[in-house]
Amino acid sequence: MSVLLEFSLFPTDVGESKSEYVAKSIQIIQDSGISYKMGPMGTTLEGEWDEVMGVVKQCFDQMSKSSNRIYAGIKVDYRAGKSGRLVSKIESIEKKTGKQVNT
C-alpha cells in the first residue's frame, strides 16, 4: 500500500527556533533511504504504509529524548496502484497550468 505522508513534528517546550530538531528528523529520513521532499511547513514521504509510519516513529522517538511536549500533524494520501507521486502530482499541475510551480 503506497502512500504519500506529509508530516510536521516539532517540540513545543524548547524555545523559539526548532531547526535543530527538524534537522535531526531530516537526518533520520535521509538515512532511511525513503523518497521525500522537505517543505517550509512539513515534509512529505512516499513509500509503503509501514515504512513511512516507521520513519515518523523514529523521528518522534528521537525528539522525545529531548522534549516533554511535541506537536505532530500528519496527512496521508493513498492511491491504489500509483507510485512516483512526489513528482507526478506536481508535473500534472504544471502541465495543466502551463507554468512551473515553486516547490
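We did not get these values from a lab; they are worked out from the coordinates using the rules stated. Remember, it's a predicted structure, so these values are computed and weren't measured experimentally. Heads up, the Cβs are rebuilt from the backbone with ideal geometry, glycines too, and the neighbour counts pull from every protein chain shown.
Worth a mention:
- Relative contact order (percent, whole number), the stretch 2-97, Cα cutoff 8 Å, 6+ residue spacing: 46
- Taking the Cα centre of the stretch 2-97 as origin and assigning +1 to Lys and Arg Cβ atoms and -1 to Asp and Glu Cβ atoms, the resulting dipole is close to 300 debye.
- Signed unit charges on C-beta, dipole axis of the chain, positive-most listed residue Gln58, Ser35, Gln100: Gln100
- Straight-line cross-link reach from Lys75 at under 21 Å between alpha-carbon atoms covers these lysines, not counting any fewer than eight positions away in the same chain: Lys18, Lys24, Lys37, Lys57, Lys89.
- Residues of the stretch 60-78 with an amide N closer than 18 Å to a point placed 7 Å from the Cα of Thr12 along the Cα-to-Cβ direction: 60-61, 63-75.
- Per-residue 3J(HN,Hα) values for the stretch 81-94, derived from phi via the Karplus relation 6.51 cos²θ - 1.76 cosθ + 1.60 with θ = phi - 60°, read x, 10, 8, x, 7, 4, 9, 5, 5, 5, 4, 4, 5, 4 Hz in sequence order (x marks Gly and Pro).
- Theoretical FRET efficiency, 1/(1+(r/R0)^6), r = Cβ-Cβ of Val101 and Gln58, R0 22 Å, to 0.05: 0.15
- Of Ser17, Leu45, Leu4, farthest towards positive along the dipole that unit charges on Lys, Arg, Asp, Glu beta carbons give the stretch 1-57: Ser17
- Dividing the radius of gyration of the alpha carbons in the stretch 2-97 by their Kirkwood radius gives 1.01 for Rg/Rh.
- DSSP-assigned coil residues among trypsin sites (Lys or Arg not before Pro) in the stretch 1-98, each with at most 12 further Cβ atoms within 10 Å: Lys65, Arg69, Arg79
- Net lengthening on full extension, Ser66/Ile26 (0.36 nm per residue, minus Cα-Cα): 12.8 nm
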